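The values are calculated or read from the model by the stated rules, or taken from the named source; none is laboratory data. Since the model is a prediction, treat every value here as computed from it, not as a measurement. Heads up, the Cβs are rebuilt from the backbone with ideal geometry, glycines too, and the neighbour counts pull from every protein chain shown. Protein only, heavy atoms only, side chains kept; ligands, DNA and RNA dropped before computing areas. Shrake-Rupley method; radii C 1.70, N 1.55, O 1.52, S 1.80 Å.
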Amino acid sequence: MIRNQLITSVFTAVILVCCFGTAQAASRNCTADEKAQANQQLMVIAQDSRLQEKLAAYHAPLGLPEAVATGNEQVLYQGGYVMAHDVDLMTSLWVSYQLTRDDVLNARGKDRVNCFRADPRLKRGQKASTTDYSEPIFDQGHMANDADLKDNLVEQINSYVMSNMSPQFCRFNRGIWLSMESLTRQWAEQYGQIYVTTGAIFDRDGVPGRDPDANAARMQSNNGKARVAVPSHYYKTFLRQDGSDLRAISFVFENSNTSHGSIWSDVKPAVLDAIRPIDQIEDHASVKLYPSWQGSVQQSRAGENWDFSTNDSNFEASCK
């Protein structure tokens, strides 16, 4: 696990590696000690600029995405991913990470460890809390997926900071989005190494360019507050090396409660229909996804050069 070695080489007292063996995966909540160690890791990384540079180079060798600055964005670094959090929207605009075959294989059989909590690095009034998501419509959708990080307990726990959550409709989060998360791990295992960027788009008027923050829809919590902005769409873009070629494929999905089905054969047509060129995503999200990118890349326009033949079923049927 290269990303574990990277962190361990800088500070060994904080890292906590998950070792559950090969037992059947289950779900549990984090303990107080596990949460404290995970929070400590976040704070250590936040104070170490050299480690941040190494994490950025590992997770985004073509450069971290560059959003049109509004003064509200803050790049936050975790061992398993890097993200740009918007303190006004109270969610992240993008997350980027490298995922390898070893990451996926070493995660198998390990528990899902839920640890939803406010981000300890952000100031009060600039971060979402679990109560913001206490309402009947939206799921707490991961931007960086927890199952991609299960090879390391601390990294998985740190996918549950609320800065990594985004309001997603139930059938979206548990349906086509979950199918994409599963496909991500299949591709990492099949191709050995991929680079994943997942982002939120705030563009309800359909005109290229991110909508002003003041125009964003806000999730209405049961506590009477409406602080967290609801994206209109989400995107995923993937890069991988294939011999001398750099291949890419990108998708845009509307954040809606539309049903796409649970079985992959039903979901697959909507996934293929969601393929978009990178420049279209950049236009509508107001972001430069690969600022250090030089040379050519082979962008898939209809799914060619990426394997869509199989995938797991999702849990859309659990939605009302």
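Name the shape class, rounded, prolate or oblate, that the alpha-carbon gyration tensor gives for segment 89-153, where a ≥ b ≥ c are the square roots of its eigenvalues, rounded holds for a/c under 1.5, and otherwise prolate holds if a/b is larger than b/c and oblate otherwise.
Numbers: a/c = 2.25, a/b = 1.83, b/c = 1.23.
Because a/c hits 1.5 or more and a/b exceeds b/c, segment 89-153 counts as prolate.
According to the square roots a ≥ b ≥ c of the eigenvalues of the Cα gyration tensor, what is the shape class of the chain, taking rounded for a/c under 1.5, prolate for a/b larger than b/c otherwise, and oblate for the remainder?
Because its axes are fairly even, with a/c under 1.5, the chain counts as rounded.
For the pairs Lys35/Lys150; Lys123/Lys225; Lys236/Lys288; Lys110/Lys236; Lys35/Lys225; Lys225/Lys320, flag any whose C-alpha to C-alpha distance is greater than 21 Å.
Numbers: Lys35/Lys150 15 Å; Lys123/Lys225 18 Å; Lys236/Lys288 14 Å; Lys110/Lys236 25 Å; Lys35/Lys225 27 Å; Lys225/Lys320 24 Å.
Pairs exceeding the cut-off: Lys110/Lys236; Lys35/Lys225; Lys225/Lys320.
May I ask you to order 52-59, 290-297 by the average number of other C-beta atoms within 10 Å around their residues, highest value first? Walk me through the numbers before you get to the answer.
On the way: 52-59: 17.2, 290-297: 11.6.
Final packing ranking: 52-59, 290-297.
Please give the peptides 228-235, 129-136 ranked by average Cβ packing (other Cβ atoms within 10 Å per residue), highest first, as a rough proxy for protection. Kindly include the intermediate steps, with their values, before the conclusion.
Details: 228-235: 23.1, 129-136: 15.9.
Going from most to least packed, we get 228-235, 129-136.
Share of segment 180-320's accessible area from carbon and sulfur, percent, 1.4 Å?
Numbers: 2900 of 6480 Å².
With neighbouring chains kept in place, the figure for segment 180-320 is 45 percent.
Students often check this: by mean Cβ neighbours within 10 Å, which of 98-104, 215-221 ranks highest, and how do the rest follow?
Working: 98-104: 20.3, 215-221: 16.9.
By packing density, highest mean first, the sequence is 98-104, 215-221.
Of Ala214, Ala67, Ala36, which has the largest mean-square fluctuation in a 10 Å C-alpha GNM of the chain?
Top of the fluctuation ranking is Ala214.
Which of Ile194, Ile263, Ile281 ends up with the largest GNM mean-square fluctuation for the chain, with Cα atoms connected below 10 Å?
Maximum among the listed residues: Ile263.
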